[in-house]
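Just below is one structure, and these are the notes that go with it.
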């Protein structure tokens, strides 16, 4: 195969809205005629962006799966594509919606709409990183600048700091445009969340369902929310409200970013791109205006990313087939393994060895204890370095299953042998190399080929935007 085109779909079920995007992906063999094939996504064209719709709920904690499936099926009909035509895709459930009682069941049910899907209920850390890659913030950071992406949705703001194309910190706030909802008159309060009530109390505003809230009061609430974002980004001293709104963990207190980007549904209001923000009858439009007046823009360090509201799933999922290097090491591992998310651990020099344990545990935290670990590795490492790395890796990975370690550099055999000495006899593990991955990938690992010398790996990767942000 030299080139193949595949239809892809991305579905993002968010706190406020559900989005569906259809794309045409071109897969090409980039290797020479006499080399092992290297399949890569070489082109991506968005065919149809379905209208953004409100995420349907049966109650405050239950998604209306039947209505949601019907809405998505209508998107298929509108573009003239059958679910059977889709080869690849991603169903991602994010924000407050990821906390709904039936969130996981909904994603699994919707995945049946097409072929092989990447299906994920994205927690705050993973959503922050995916949004930053999808917006183009990660790529913008490859130019030697630290870029902080703030993905402001309906229920949460997910933040990720990137340097050299990689995420180095993340955090989440209970702060979004749909935490306060209005009736169609845009003044009568329909509902509000506990987080929104905290913001209101901080500025001396009383919220009551059924009572009117002036636009001046709405702007005061939005202004305070924008200040909390400034606090999170290191542009203002942090207050008790910031701490109260933190979900799981905050960005480092000493965070320093060179540039800022905004994505998520509210981002269109930040950049003045939204055409129908008032239709949602929430605080999103006011919040966007407040951010546009904030210190982020006053300091002239904001760039507009390539993608805003569709950052998380645009381009959906795509396959890249790879073959491991010939120096793999495995013991007792039952193969194949399907749909393992990939955590990324920095290991590019001997200086990283002392930090491997903490970095590995952090990845397991992000992926709820189940993932493959990807490391670049060291070219031609000494045996002392391999042994030291194995001790750190073995201790951190010991409580988790399956134990899968993937490296780019040719060191899987030596590292695998060292790991086998560190773990109890009979511990199942797989250590392979010659594979290059990126954060957010999901891998399927097949049974060994060539007398057990190589392993086929199917990489389901998010087709993130390739356009960096622009000033």
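The values are calculated or read from the model by the stated rules, or taken from the named source; none is laboratory data. As the structure is a prediction and not an experimental result, all values here were calculated from the model. Glycine also receives a Cβ, built like all others from the backbone with ideal geometry; neighbour counts cover every protein chain displayed.
Among the residues of region 138-167, those identified as part of a loop (DSSP other than H, G, I, E, B) and in contact (Cβ under 8 Å) with a residue 24 or more places away in the chain are 145, 146, 153, 154, 155, 156, 165.
Within region 278-286, can one find any residue that is closer than 17 Å to residue 160 by Cα and not in a helix (DSSP H, G or I)? Outline the logic, then answer.
Within region 278-286, the first condition is being closer than 17 Å to residue 160 by Cα, and the residues that meet it are none.
No: zero hits.
Tell me whether region 401-416 contains one or more residues that are assigned to a loop (DSSP other than H, G, I, E, B), under 24 Å from residue 166 (Cα atoms) and in contact with a helix residue (DSSP H, G or I) (Cβ under 6 Å, 6 or more places away or on another chain).
Just the residues of region 401-416 that are assigned to a loop (DSSP other than H, G, I, E, B), to begin with: 401-403, 408-411.
Narrowing the set further to residues that are under 24 Å from residue 166 (Cα atoms) leaves 403, 408-411.
Those left that are additionally in contact with a helix residue (DSSP H, G or I) (Cβ under 6 Å, 6 or more places away or on another chain): 403.
Looking through region 401-416, at least one residue is assigned to a loop (DSSP other than H, G, I, E, B), under 24 Å from residue 166 (Cα atoms) and in contact with a helix residue (DSSP H, G or I) (Cβ under 6 Å, 6 or more places away or on another chain).
Of the numbered conditions (1) in contact (Cβ under 8 Å) with a residue 60 or more places away in the chain; (2) surrounded by fewer than 21 Cβ atoms within 10 Å (Cβ to Cβ); (3) touching a strand residue (DSSP E or B) at 6+ places or on another chain (Cβ under 9 Å), residue 410 fails exactly one; give the number of that condition. Checking residue 410 against (1) in contact (Cβ under 8 Å) with a residue 60 or more places away in the chain; (2) surrounded by fewer than 21 Cβ atoms within 10 Å (Cβ to Cβ); (3) touching a strand residue (DSSP E or B) at 6+ places or on another chain (Cβ under 9 Å), the one that fails is (3). Looking across region 182-198, just one residue is touching a helix residue (DSSP H, G or I) at 6+ places or on another chain (Cβ under 8 Å) and assigned to a strand (DSSP E or B), and that is 192. Residue 149 meets all of the listed conditions (1) more than 20 Å from residue 240 (Cα to Cα); (2) surrounded by fewer than 24 Cβ atoms within 10 Å (Cβ to Cβ); (3) in contact with a helix residue (DSSP H, G or I) (Cβ under 8 Å, 6 or more places away or on another chain) but one, namely (2). When 114, 131 are checked against the criterion of being modelled with pLDDT of 75 or more, in contact with a helix residue (DSSP H, G or I) (Cβ under 9 Å, 6 or more places away or on another chain) and crowded, with 17+ Cβ neighbours inside 10 Å, a single residue qualifies: 131. Restricting region 253-274 to residues that are in contact (Cβ under 8 Å) with a residue 60 or more places away in the chain and part of a loop (DSSP other than H, G, I, E, B), the residue that is farthest from residue 301 (Cα to Cα) is 265.
Beta carbons closer than 9 Å, at least 6 apart along the sequence or on distinct chains, pair a first residue in region 1-12 that is at negative phi and at pLDDT 75 or above with a second that is part of a loop (DSSP other than H, G, I, E, B) and surrounded by fewer than 18 Cβ atoms within 10 Å (Cβ to Cβ) for 7/81; 9/81. Residues to consider are 249, 242; find the one that is loosely packed, with under 15 Cβ neighbours inside 10 Å and in contact (Cβ under 8 Å) with a residue 40 or more places away in the chain. Just one listed residue meets the conditions, 249. The single condition among (1) crowded, with 20+ Cβ neighbours inside 10 Å; (2) over 30 Å from residue 48 (Cβ atoms); (3) at pLDDT 95 or above that residue 324 does not meet is (3). Applying the set (1) under 28 Å from the mean Cα position of the chain (by Cα); (2) without any contact (Cβ under 8 Å) to a residue 60 or more places away in the chain; (3) surrounded by fewer than 20 Cβ atoms within 10 Å (Cβ to Cβ) to residue 338 leaves exactly one unmet item: (2). Could you tell me which residue of region 227-239 is surrounded by the fewest Cβ atoms within 10 Å (Cβ to Cβ), considering only residues that are in contact with a helix residue (DSSP H, G or I) (Cβ under 8 Å, 6 or more places away or on another chain) and within 18 Å of residue 128 (Cα to Cα)? Among those that are in contact with a helix residue (DSSP H, G or I) (Cβ under 8 Å, 6 or more places away or on another chain) and within 18 Å of residue 128 (Cα to Cα), it is 230.
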